[in-house]
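Peer 1: First, the structure itself, so that you have it in front of you.
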Amino acid sequence: MKVPLVDLKINYINIKDEIDASIKKVLDNTNFILGAEVKQFEEEFAGYCGSKYAVGVANGTDAIKIALMASGIKKGDEVITTPLTFIASAEAIVQSGGTPVFADIELDTYNISPQQIERKITEKTKAILPVHLYGHPAKMDEIMKIALSNKLKVIEDCAQSFTARYKFSGEWKVTGNIGDAGCFSFFPAKNLGCFGDGGIITTSDKKIYENALMLRNHGQRDKYFTETSGFNSRLDTLQAAILLVKLKYINKWTEMRNMVAKKYGDALKDVAVIPTSAKWCAHSFNYYTLRFKDKGTRDLVQKNLLENGVACQIYYPVALHLQKVYSHLGYKKGDFPNAEKVQDETLSLPMYPELDDEKIEYITGIIKKTVEAGKL
Ligand SMILES: *Cc1c(COP(=O)(O)O)cnc(C)c1O
């Protein structure tokens, strides 16, 4: 049996008529740049998150870069983030002019540790960039408290956490609506994916909103009047038209992802560390990530899954502090033991709303057999 990591085709086929009609409307209008659908999608997305504003941009990496710049990050500023994330989180810090400073993660949620953040604050620190990894929210209560007492901005990387919720100061909030700004990606494999690249910034801060609007459109507030050096980074009207349709289904899809996660967990809880979903949050399960007792077991499970047609992936095989591109920052192996443990011992399984029981049983069967054979 062949199982892909994500199945974009089945997701499209199920709502094909609606998507095609929405695309056709844009083709008929030919208003391809900042057409009406972009504004409408920005309003609906902001509404979903409970934030005042949203600014559609070209991709998730630009969303982080522009959100940081719109919040005042400039050359020489330090931004604290996790070493266990996709390269884009740190890359966007560098593109904004800032310097990434890494702080180790917690092993239960795989997210940045508030205690480790505090140890990394210097007079140059200007912001914290927590990443809600795999769809599990970071500890925002503690992070916001640290930010407040040190006058730091908090920009949330929500590329993997759309629909995830967090109980902030006793009140349920959607991730991206807790810090100063939230950054989302619509890369096809994310929870809400478009048919190409896309991203969005959410904020309730008028200043950040106005700066972001300007930065995404060549630094212009009004057409041909340029105030600052900006970018060409707008969300395409065609992508917004697709996203408007998909947004209506997102809660149902998150429920389905949670069902898949429950079935995986029931089958695998005795052979691996399954993902936690802390009481103070609701997981969005962009990825389903298992941790095994050592690297050897993980590597063997990966090999057996691949040999039997099951796609699987390590998120991430090299933590960012060990990436060649950041060698000048002076980190070394052993600096972040928890991030390195995850890099060595975890494996992510196929995860998409439509994943059926037959495939789940097939996948979990291979994993159980592999781990149990290793115990003999
Ligand atoms: C996907 C992703 C991004 C970047 O999004 P793009 O749209 O691909 O630029 C940033 N951060 C994290 C954690 C991601 O998973």
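Every number here is computed from the coordinates shown, using simple stated rules; none is lab data. Worth saying up front: this structure is predicted, and the values here are computed from it rather than measured. For neighbour counting, all protein chains shown are included, and Cβ atoms are generated from backbone atoms with ideal geometry for every residue, glycine included.
Peer 1: With charges only on Cβ, +1 for K and R and -1 for D and E, what is the dipole size of region 204-281 about its Cα centre, in debye, rounded to 20? Present the calculation step by step, with values, prior to reporting the outcome.
Peer 2: Values: 14 positive and 8 negative charges, 49 e Å.
So the magnitude is around 240 debye.
Peer 1: List the relative contact order of region 250-375 as a percent without decimals, with contacts defined as Cα pairs under 8 Å and 6+ residues apart. If you can, show how the numbers build up before the last one.
Peer 2: Numbers: 140 pairs, mean separation 46.7, N = 126.
After rounding, I find 37 percent.
Peer 1: Could you work out the helix-only [θ] at 222 nm for the chain, with each DSSP H run of four or more residues adding -39,500 (n - 2.57) and the total divided by the number of residues, to the nearest 500 deg cm²/dmol?
Peer 2: After summing the helix terms and dividing by the residues of the chain, the value is -12500 deg cm²/dmol.
Peer 1: Give the long-range amide H neighbours of LYS173: residues separated by 5 or more places, or on another chain, with amide H under 5 Å away, using H modelled in the peptide plane at 1.01 Å from N.
Peer 2: Result for LYS173 returns TYR166, LYS167, PHE168.
Peer 1: While we're on this one: Name the trypsin sites (Lys or Arg not before Pro) in region 2-79 that are in a loop by DSSP and that have at most 15 other C-beta atoms within 10 Å, would you? If you can, show how the numbers build up before the last one.
Peer 2: Working: sites: LYS2, LYS9, LYS16, LYS24, LYS25, LYS39, LYS52, LYS65, LYS74, LYS75; in loops: LYS2, LYS52, LYS74, LYS75.
Sites meeting the loop and neighbour criteria: LYS2, LYS52, LYS74, LYS75.
Peer 1: Plugging the Kirkwood radius over Cα pairs into Stokes-Einstein for the chain, at a temperature of 20 °C and a viscosity of 1.002 mPa s, what D comes out in µm²/s?
Peer 2: Details: Rh = 21.3 Å.
Using the Kirkwood radius from Cα pairs, D works out to 101 µm²/s.
Peer 1: Something else about it: What is the set of long-range amide H partners of VAL101 at a cut-off below 5 Å, with H atoms built 1.01 Å from backbone N?
Peer 2: Amide H neighbours of VAL101, under 5 Å, 5+ apart: VAL79, ILE80, THR81.
Peer 1: Here's something else I'd like to know. With charges set only on the Cβ (+1 for Lys and Arg, -1 for Asp and Glu), what does the dipole of region 238-376 come to about its Cα centre, in debye to the nearest 20? Don't jump to the answer; show the numbers that get you there.
Peer 2: On the way: 21 positive and 16 negative charges, 70 e Å.
Approximately 340 debye in magnitude.
Peer 1: I've got another one for you. With both bridge residues required to lie in the chain, what share of the DSSP beta bridges run antiparallel, to the nearest 5%?
Peer 2: On the way: 27 of 42 bridges.
Antiparallel bridges: around 65 percent, rounded to the nearest 5.
Peer 1: Report the FRET efficiency, 1/(1 + (r/R0)^6), for GLU361 and LYS248, where r is their Cβ-Cβ distance and R0 is 22 Å, rounded to 0.05.
Peer 2: On the way: r = 31 Å, r/R0 = 1.40.
That pair, GLU361 with LYS248, gives E of 0.10.
Peer 1: Over the chain, calculate the relative contact order: mean separation of alpha carbon pairs under 8 Å at least 6 apart, over the residue count, as a percent. Spell out each step's value before the answer.
Peer 2: Details: 782 pairs, mean separation 81.3, N = 376.
This gives 22 percent for the chain.
Peer 1: Considering the convex hull of the alpha carbon atoms of region 119-258, report its projected area averaged over all viewing directions, in nm², one decimal.
Peer 2: Working: hull surface 41.1 nm².
With every direction weighted equally, the projected area is 10.3 nm².
Peer 1: For region 196-300, take the alpha-carbon Rg, divide it by the Kirkwood Rh, and send me Rg/Rh.
Peer 2: Working: Rg = 21.1 Å, Rh = 18.0 Å.
Over the Cα atoms of region 196-300, Rg/Rh equals 1.17.
Peer 1: Next question. Put one equal scatterer on each alpha carbon of region 41-174, apply the Debye formula with no solvent term, and list log10 I(q)/I(0) at q = 0.09, 0.15, 0.16, 0.20 1/Å to two decimals.
Peer 2: -0.24, -0.69, -0.79, -1.27
Peer 1: Additional query: So if R0 is 35 Å, what FRET efficiency would ASN232 and SER204 give, r being the distance between their Cβ atoms, rounded to the nearest 0.05? Mind dumping the intermediate values first?
Peer 2: Numbers: r = 26 Å, r/R0 = 0.75.
Once rounded, the FRET efficiency stands at 0.85.
Peer 1: Run the dipole for the chain about the Cα centre, Lys and Arg Cβ at +1, Asp and Glu Cβ at -1, nothing else charged, and hand back the magnitude in debye, nearest 20.
Peer 2: 460 debye
Peer 1: Region 56-145: which chymotrypsin sites (Phe, Trp or Tyr not before Pro) are DSSP loop and have at most 13 other beta-carbon atoms within 10 angstrom? Each step should come with its number before you reach the end.
Peer 2: Values: sites: PHE86, PHE102, TYR110, TYR134; in loops: PHE86, TYR110.
Answer in residue order: no site qualifies.
Peer 1: Rg/Rh for region 250-375 to two decimals, with Rh computed the Kirkwood way over all alpha-carbon pairs.
Peer 2: On the way: Rg = 15.8 Å, Rh = 15.7 Å.
Rounded to two decimals, Rg over Rh is 1.01.
Peer 1: Between beta-carbons, use under 12 Å as the cut-off and find the net charge around ALA261, counting Lys and Arg +1, Asp and Glu -1. Write down the numbers at each step before the final one.
Peer 2: On the way: positive: ARG257, LYS262, LYS263, LYS269; negative: GLU255, ASP266.
Charge balance in the 12 Å sphere: +2.
Peer 1: Right, something else. Arrange VAL271, VAL245, VAL79, VAL325 by Cβ neighbour counts within 10 Å, fewest through most, would you? Don't skip to the end; give the middle numbers.
Peer 2: Details: VAL271 21, VAL245 16, VAL79 28, VAL325 11.
Placing the least packed residue first, the sequence is VAL325, VAL245, VAL271, VAL79.
Peer 1: On full extension of the chain, what length is gained from LYS16 through ASN31, given 0.36 nm per residue of separation minus the C-alpha to C-alpha distance? Display every interim value, and only then the final one.
Peer 2: On the way: separation 15, 0.36 × 15 = 5.40 nm, distance 2.20 nm.
Result: 3.2 nm gained on full extension.
Peer 1: Go ahead and set up a Gaussian network model of the chain, Cα springs under 10 Å, then flag whichever of ALA103, ALA63, ALA267 fluctuates most.
Peer 2: ALA267
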